[in-house]
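J.: What follows is a structure written as structure tokens; I'll ask about it next.
The values are calculated or read from the model by the stated rules, or taken from the named source; none is laboratory data. All figures in this text were calculated on a predicted structure; none of them were measured in a lab. SASA here: full protein model, heavy atoms, side chains in, ligands and nucleic acids out. Shrake-Rupley method; radii C 1.70, N 1.55, O 1.52, S 1.80 Å.
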Amino acid sequence: RREASLQRSQDAVDSARHKITHLKGKASELDASSDKDQSKLDKDKEQIMELEDRAGTLKEKAAEESDKIRVLQEAEKKTAKTLPQLLSTAKQDESKAADLKSDAAKLMSNSQQKAEAA
């Protein structure tokens, strides 16, 4: 009986040791898995920060481009407002040039007549 009791106690101790070894192995696996997860989390955080930086840079560029477009649109509006006046001035200048050309032709004709008469 005593040997049977000792054997059962020994079996219980062996079983407990086996369970402890098994649990230590699982704990080690979970620890390694946790380390991997933490490493992945750190990498993901770094990548998120890089993407946020890129997004900030792109946002700044978009704002600059928007400002450039607004400046160009304002310049276009100013040009559109002054265009009718410029066309009118150009027509007036063209008319003056035609009158001056006509006057010059008359003067040339008069000069030729005077030269022929002399």
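J.: Considering only protein heavy atoms, what per residue accessible area in square angstrom results for the chain with a 1.4 angstrom probe? Walk me through the numbers on the way to the answer.
T.: Numbers: 11330 Å² over 118 residues.
Ligands and nucleic acids excluded, the figure is 96 Å² per residue.
J.: Shifting gears a bit: According to the Kirkwood expression over distinct Cα-Cα pairs, how big is the hydrodynamic radius of region 30-77, in Å?
T.: Value: 13.7 Å, from the Cα pair sum.
J.: May I pose another question? Tally up the carbon and sulfur contribution to the accessible surface of the chain as a whole percent, 1.4 Å probe, everything protein left in place. Before the final figure, lay out the partial values.
T.: Details: 6300 of 11330 Å².
Answer for the chain: carbon and sulfur cover 56 percent of the accessible area.
J.: Another question, if that's okay. Could you work out, for the chain, what percent of all Cα-Cα pairs fall into each 10 Å distance bin, beginning at 0 Å and stopping at the bin that holds the largest distance?
T.: All Cα pairs, binned at 10 Å, distribute as 10, 11, 10, 9, 9, 8, 8, 7, 6, 5, 5, 4, 3, 3, 2, 1, 0 percent.
J.: Pop out the Kirkwood hydrodynamic radius of region 55-96 from its pairwise C-alpha distances, inverse of mean 1/r, in Å to one decimal.
T.: Radius from the Kirkwood sum: 12.6 Å.
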